[in-house]
Amino acid sequence: MKIVILLGAPGSGKGTVAARLASENANLKHVSSGDLLRGAVAKGTEAGQKAKAFMEAGQLVPDELIAQMIKDVIAETEGDVTMLLDGFPRNVKQADILADTGAEIRSAVLLDVPDSIIQDRIAGRRTCPKCKAGYHAKDLPPKVEGICDHCGTALVIRKDDNPETVKDRLVVYHQQTEPLIAYYKEKGLLRVIDGNQGPANNAKAFLAAM
């Protein structure tokens with residue numbers, strides 16, 4: 001088991017799209033902490049119920065809860081697989097938990113995006129409440145405004161995508177997640193790419209950096 005980590009501020013948006021494109025092109029197993037959490041909430045699992053209150057308040061889920069979900073995925077993954085972790089770790093404590101699993105960390109790739117651009121991206125995000133497809137009012141609009149291309153459901157703005165919540169999450173990012181840059185740089189694992197190139201170019205840069 002090898003692991004590649006995608007680092008970046010919450011809401012960088014195109015980072016997750018780039019990670020998915022990179023995964024499809026390089027046969028990586030893409031594991032998004034956000035998808036794991038939302039899936040657990042939708043299924044009504046014990047972990048999902050605990051996480052729901054934090055997510056609806058726009059707060060980060062406690063280390064132990066998200067770490068357990070990630071460890072379960074690692075334990076369930078067999079063979080010579082490279083796993084791309086998107087959204088985990090978010091702080092040094094989580095990085096230490098990941099290191100304790102014994103999985104080999106191949107690299108930590110930082111998607112560098114200014115706060116102002118992140119705020120603009122999040123302001124345009126739209127989500128389908130039924131099939132969970134994601135859109136952006138400017139960068140990835142649906143064919144019919146406000147309507148999901150896949151199932152015809154009216155799109156919504158998630159509670160944790162409002163401007164004030166985004167500002168709060170960026171403050172938390174700079175306080176808690178940004179120290180991971182120095183953490184992985186010291187270990188010789190940090191790679192930095194410009195995250196403002198668009199999803200396809202971000203994916204190419206990501207694959208070259210990992």
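The values are calculated or read from the model by the stated rules, or taken from the named source; none is laboratory data. Since the structure is predicted, the reported quantities are computational estimates derived from the model, not experimental observations. Note that each Cβ is placed from the backbone with ideal geometry, even for glycine, and that neighbours are counted across all protein chains shown. SASA here: full protein model, heavy atoms, side chains in, ligands and nucleic acids out. Shrake-Rupley method; radii C 1.70, N 1.55, O 1.52, S 1.80 Å.
Filter the stretch 90-130 for residues that are in a loop (DSSP other than H, G, I, E, B), modelled with pLDDT under 90 and out of contact with any strand residue (DSSP E or B) (no Cβ under 6 Å at 6 or more places or on another chain) and give the result. Working first, answer last.
To start, the set of residues in the stretch 90-130 that are in a loop (DSSP other than H, G, I, E, B) comprises 90-91, 101-103, 113-114, 124, 128-130.
When the remaining residues are screened for being modelled with pLDDT under 90, the result is 90, 101-103, 113-114, 124.
Within the stretch 90-130, ARG90, THR101, GLY102, VAL113, PRO114 meet the criteria.
Counting only residues that are farther than 17 Å from ARG38 by Cα and more than 17 Å from the chain's Cα centre (by Cα), how many does the stretch 125-137 have?
Initially, the stretch 125-137 is screened for residues farther than 17 Å from ARG38 by Cα, giving 136-137.
Right, trim to more than 17 Å from the chain's Cα centre (by Cα) and you get 137.
Counting residues in the stretch 125-137 that are farther than 17 Å from ARG38 by Cα and more than 17 Å from the chain's Cα centre (by Cα) gives 1.
Are there any pairs, at least 6 apart or on different chains, whose C-beta atoms fall under 9 Å, with the first in the stretch 149-161 and within 19 Å of ASP120 (Cβ to Cβ) and modelled with pLDDT of 95 or more and the second of a type in the set (Asp, Glu) and surrounded by 12 or more Cβ atoms within 10 Å (Cβ to Cβ), and if so, which?
As it stands, the answer is none, since no pair meets every condition given.
Please work out which one of (1) surrounded by fewer than 17 Cβ atoms within 10 Å (Cβ to Cβ); (2) more than 25 Å from ASN196 (Cα to Cα); (3) in contact with a strand residue (DSSP E or B) (Cβ under 6 Å, 6 or more places away or on another chain) is the condition LEU155 fails and give its number.
Single failed check for LEU155: (1).
Just a yes or no: is a residue in the stretch 72-81 at pLDDT 80 or above, open to solvent by 50 Å² or more (accessible area, probe 1.4 Å) and under 21 Å from TYR184 (Cα atoms)?
no
Out of the stretch 85-99, which residues are small (Gly, Ala, Ser) and either open to solvent by 50 Å² or more (accessible area, probe 1.4 Å) or within 16 Å of ASP35 (Cβ to Cβ) (or both)? Reasoning before the result, please.
In the first step, residues of the stretch 85-99 are kept if they are small (Gly, Ala, Ser); the result is 87, 95, 99.
Selection gives GLY87, ALA99.
Within the stretch 103-114, can one find any residue that is hydroxyl-bearing (Ser, Thr, Tyr), open to solvent by less than 50 Å² (accessible area, probe 1.4 Å) and in contact (Cβ under 8 Å) with a residue 40 or more places away in the chain? Show your work before the answer.
Initial filter on the stretch 103-114 (hydroxyl-bearing (Ser, Thr, Tyr)): 107.
Next, from what is left, pick out any that are open to solvent by less than 50 Å² (accessible area, probe 1.4 Å): 107.
Now narrow it down to the ones that are in contact (Cβ under 8 Å) with a residue 40 or more places away in the chain: 107.
Yes: one or more hits.
Please go through the stretch 165-179 and give me each residue that is open to solvent by less than 50 Å² (accessible area, probe 1.4 Å) and either within 10 Å of ARG90 (Cβ to Cβ) or at pLDDT 85 or above (or both), ordered by number.
LEU170, VAL172, TYR173, THR177
Filtering the stretch 25-60 down to residues that are basic (Lys, Arg) and farther than 30 Å from MET210 by Cβ, which residue is most open to solvent (accessible area, probe 1.4 Å)?
Narrowing the stretch 25-60 to residues basic (Lys, Arg): 29, 38, 43, 50, 52.
Of the ones still in play, those that are also farther than 30 Å from MET210 by Cβ are 43, 50, 52.
Numbers: LYS43: 168, LYS50: 112, LYS52: 94 Å².
Only one residue fits best here, namely LYS43.
Residue pairs, Cβ under 7 Å, 6 or more apart or interchain, first in the stretch 43-63 and more than 17 Å from ARG90 (Cβ to Cβ) and free of Cβ contacts under 8 Å to residues at least 12 places away in the same chain, second assigned to a helix (DSSP H, G or I) and open to solvent by 40 Å² or more (accessible area, probe 1.4 Å). List them.
GLY48/VAL41; LYS52/VAL41
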